[in-house]
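What follows is a short report on a single structure.
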Amino acid sequence: MVMNEMMQFIKQMSGRLNANDIANQTDAKKIAYMRNLQRELKQKDVLSIPFDELSVVVFDIETTGFYPYNGDRILSIGAVKMKGDQVLEDDLFYSTIYSAKGVPENIEELTGITASELLQAAPLPEVLREFFQFVQTDTLVAHHSAHEKQFMKHANWIALKSSFEHRIIDTSFLTKITEPELAMVSLDDFCSYYQIEIKRRHHALYDAMATARLWSENIKKVKAMGFENMKDIYTHLASQG
């Protein structure tokens, strides 16, 4: 074993380790990292963590449309970390994602993301790995999370050949309790109601920041109502039918 490792090291140092060997080693490390992360996620009891101690990553994605299985793709990912109701404004993640396919005109107008910007961006596998290294085993939070979830599931399998294991909580998980009579849907409506500024709408990072502030306001409210953790919320919602 020692001799084999030494021979491989000598080959690598002398430049005779071919590109496929290096790529295979790198891929093995990626797969090992994701599997280890998935094991940690399954062992983590998020539901019982007190809200004051709960670490989450609030994130948002910009996409070319709504249907990843019909060819729509992620253009950018933005995220911010939180601890309890505190938005950690210096702990941020943002990246566009490489594509040579360009950007539909209406999406470019909406998001401000250009084809030339995507040509200079990192590829999807690299962005996803960096995103998961940022998130670690924290719970994810998103507004209209079904959109994010289906794109992340598709992207994970396409780029990393891995299933998407992170728990994603929708902001409505709390607003159904704090504002049950309000028939609001869009992030704009919620932010207007809570007087939360969105500095740049349809930009993944700024939308993530606005969503984090919305989550923060509702964490404060559910705590004031006597809820201590997410298990309390699930139990209450289940009792309401």
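The values are calculated or read from the model by the stated rules, or taken from the named source; none is laboratory data. Remember, predicted model here, so these are calculated numbers, not experimental data. Heads up: the accessible areas ignore ligands, DNA and RNA and are worked out on the full protein's heavy atoms, side chains in. Shrake-Rupley method; radii C 1.70, N 1.55, O 1.52, S 1.80 Å.
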**Asked** With every protein chain present, what is the per residue accessible area of segment 121-211 (1.4 Å probe, Å²)?
**Response** 46 Å²
**Item:** Stokes-Einstein D for segment 120-159, Kirkwood Rh over Cα pairs, 25 °C, 0.890 mPa s (µm²/s)
**Value:** 221 µm²/s
**Message:** Quick one: 3J(HN,Hα) in Hz for segment 93-110, Karplus 6.51/-1.76/1.60 with θ = phi - 60°, rounded, Gly and Pro as x.
**Reply:** 9, 8, 7, 7, 10, 4, 7, 9, 8, x, 10, x, 4, 5, 6, 4, 5, 6
**Asked** Given a 1.4 Å probe and every protein chain left where it sits, what share in percent of the accessible area of segment 151-241 is carbon and sulfur?
**Response** 48 percent
